[in-house]
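Asker: What follows is a structure written as structure tokens; I'll ask about it next.
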Amino acid sequence: MNTLTLNANRTACAVQRLRGLGAELLARERRLAIYGAVLLAALLPMAIAAGLDDRVLRGANVWIKPMKFALSIAVLALTTAWFIGHLRPEHRRGRAVDRIVWLLVATGTFELGYITLQAALGEGSHYNVGDPLHGIMYTLMGIGALALTATQPMLAWALRRHADPARPPAYRLAVQIGLWLTFILGAGVGGVLSSMQPPDVSAGSVVPLFGWSLGGGDLRPAHFIGIHAQQWLPLAGWALAARRKPSARGQVWGFTALYILVFAAALAWGLAGRLG
């Protein structure tokens with residue numbers, strides 16, 4: 001009985017924390033919070049479709065890619081909403097924020113919409129350039145992906161000019177670096193990846209859940225590391241700032257250098273597998 005009560009209390013606490021997080025995100029940037037929640041909710045029908053649909057494309061169920069992109073764009077939107085809350089209150093509702101929000105929503109919806117449509121048709125969205133229509137759509141996807149990640153340096157610039165000074169300098173620095181690296185590293189390797197089709201993962205071992213090839217030649221790990229600088233750099237900055245040491249800003253730069261080295265190693269591993 002006591003175990004049941006303890007588990008119930010833990011569940012109630014977890015639900016309460018999620019509600020608090022949701023309320024905080026809505027207060028910081030309501031449009032992106034709702035958009036991110038809608039994308040997360042879309043994972044359920046996609047998962048049901050994956051369970052009912054046994055079609056496979058490039059070694060994976062056709063619904064896996066839409067699910068990955070829905071989750072990735074949702075995380076991007078929710079993290080962006082959180083960092084918009086770091087702006088001074090009078091700058092959270094200006095034109096600069098409006099541009100960031102609507103650019104993210106428009107490009108994210110276009111990317112996910114086309115990927116989902118192609119999944120429903122049992123066709124590839126990426127590297128599908130066999131006819132003029134699909135070639136044009138793939139080019140538009142590349143432009144959309146670039147614009148989607150470009151929202152991050154736009155926010156970094158706004159934070160540099162109008163950040164709430166109450167937050168620790170080391171943390172503010174880490175957030176801005178993370179946003180810039182998301183664009184520089186993520187979009188940079190994304191451009192290379194768009195011109196090089198990933199290896200056939202059905203032919204060898206893969207990383208569970210992610211589907212990355214372990215045989216080399218896969219640039220997707222480097223792309224993943226680049227895109228998620230938006231989360232990892234700020235988390236490191238928050239942890240370092242919490243120690244309240246004068247050297248925290250220098251440590252943020254040190255962590256940044258280490259992060260770039262990890263990215264470079266993943267990129268070199270992917271390229272070596274293709275060129276070797």
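The values are calculated or read from the model by the stated rules, or taken from the named source; none is laboratory data. Everything numeric here is computed off the predicted structure, so don't read it as measured data. Positions of Cβ are backbone-derived with ideal geometry, glycine not excepted, and every protein chain shown enters the neighbour counts.
For every residue, the table says whether it meets (1) more than 16 Å from Ala120 (Cα to Cα); (2) touching a helix residue (DSSP H, G or I) at 6+ places or on another chain (Cβ under 7 Å); (3) aliphatic (A, V, I, L, M); (4) in a helix (DSSP H, G or I).
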| site | (1), (2), (3), (4) |
| --- | --- |
| Leu32 | yes, yes, yes, yes |
| Ala37 | yes, no, yes, yes |
| Ala41 | yes, no, yes, yes |
| Met46 | no, yes, yes, yes |
| Ala49 | no, no, yes, yes |
| Lys65 | no, yes, no, yes |
| Ala70 | no, yes, yes, yes |
| Ala77 | yes, yes, yes, yes |
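Asker: Then there is this: Could you tell me whether Arg99 is assigned to a helix (DSSP H, G or I) and either closer than 26 Å to Gly178 by Cβ or in contact (Cβ under 8 Å) with a residue 24 or more places away in the chain (or both)? Show your work before the answer.
Answerer: Details: assigned to a helix (DSSP H, G or I): yes; either closer than 26 Å to Gly178 by Cβ or in contact (Cβ under 8 Å) with a residue 24 or more places away in the chain (or both): yes.
Against the criterion (assigned to a helix (DSSP H, G or I) and either closer than 26 Å to Gly178 by Cβ or in contact (Cβ under 8 Å) with a residue 24 or more places away in the chain (or both)), Arg99 qualifies.
Asker: Please find, within the range 150-175, the residue that is surrounded by the most Cβ atoms within 10 Å (Cβ to Cβ) out of those that are under 17 Å from Gln231 (Cβ atoms) and free of Cβ contacts under 8 Å to residues at least 40 places away in the same chain.
Answerer: Ala156
Asker: For the range 2-10, state whether one or more residues are under 20 Å from the mean Cα position of the chain (by Cα) and either at pLDDT below 95 or closer than 21 Å to Gly108 by Cβ (or both). Explain how you work it out, then say what you get.
Answerer: Applying the first criterion (under 20 Å from the mean Cα position of the chain (by Cα)) to the range 2-10 yields none.
Scanning the range 2-10, I find no residue that is under 20 Å from the mean Cα position of the chain (by Cα) and either at pLDDT below 95 or closer than 21 Å to Gly108 by Cβ (or both), so the answer is no.
Residue-wise test of (1) hydroxyl-bearing (Ser, Thr, Tyr); (2) surrounded by fewer than 17 Cβ atoms within 10 Å (Cβ to Cβ); (3) farther than 26 Å from Leu235 by Cα.
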position: Leu18; (1), (2), (3): no, yes, no
position: Ala37; (1), (2), (3): no, yes, no
position: Ala49; (1), (2), (3): no, no, yes
position: Leu52; (1), (2), (3): no, yes, yes
position: Ser72; (1), (2), (3): yes, no, no
position: Gly94; (1), (2), (3): no, yes, yes
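Asker: Checking Leu179 against (1) under 19 Å from the mean Cα position of the chain (by Cα); (2) surrounded by fewer than 16 Cβ atoms within 10 Å (Cβ to Cβ); (3) of a type outside the set (Asp, Glu), only one condition comes out false. Which one?
Answerer: With respect to (1) under 19 Å from the mean Cα position of the chain (by Cα); (2) surrounded by fewer than 16 Cβ atoms within 10 Å (Cβ to Cβ); (3) of a type outside the set (Asp, Glu), Leu179 is out only on (2).
Asker: Does any residue of the range 38-56 turn out to be touching a Gly at 6+ places or on another chain (Cβ under 6 Å) and over 19 Å from Asp98 (Cα atoms)?
Answerer: Yes, the range 38-56 contains a residue that is touching a Gly at 6+ places or on another chain (Cβ under 6 Å) and over 19 Å from Asp98 (Cα atoms).
Asker: Looking at this structure, is Ala236 closer than 13 Å to Ile177 by Cα and surrounded by 13 or more Cβ atoms within 10 Å (Cβ to Cβ)? Full working, then the answer.
Answerer: Values: closer than 13 Å to Ile177 by Cα: yes; surrounded by 13 or more Cβ atoms within 10 Å (Cβ to Cβ): yes.
It is true that Ala236 is closer than 13 Å to Ile177 by Cα and surrounded by 13 or more Cβ atoms within 10 Å (Cβ to Cβ).
Asker: Checking Glu111 against (1) of a type in the set (D, E, K, R); (2) surrounded by 15 or more Cβ atoms within 10 Å (Cβ to Cβ); (3) outside any helix (DSSP H, G or I), only one condition comes out false. Which one?
Answerer: Glu111 satisfies all of (1) of a type in the set (D, E, K, R); (2) surrounded by 15 or more Cβ atoms within 10 Å (Cβ to Cβ); (3) outside any helix (DSSP H, G or I) except (3).
Asker: Out of everything in the range 204-226 that is surrounded by 22 or more Cβ atoms within 10 Å (Cβ to Cβ) and more than 15 Å from Ile64 (Cβ to Cβ), what residue ends up being modelled with the lowest pLDDT?
Answerer: So, considering only residues that are surrounded by 22 or more Cβ atoms within 10 Å (Cβ to Cβ) and more than 15 Å from Ile64 (Cβ to Cβ), the one modelled with the lowest pLDDT is Asp218.
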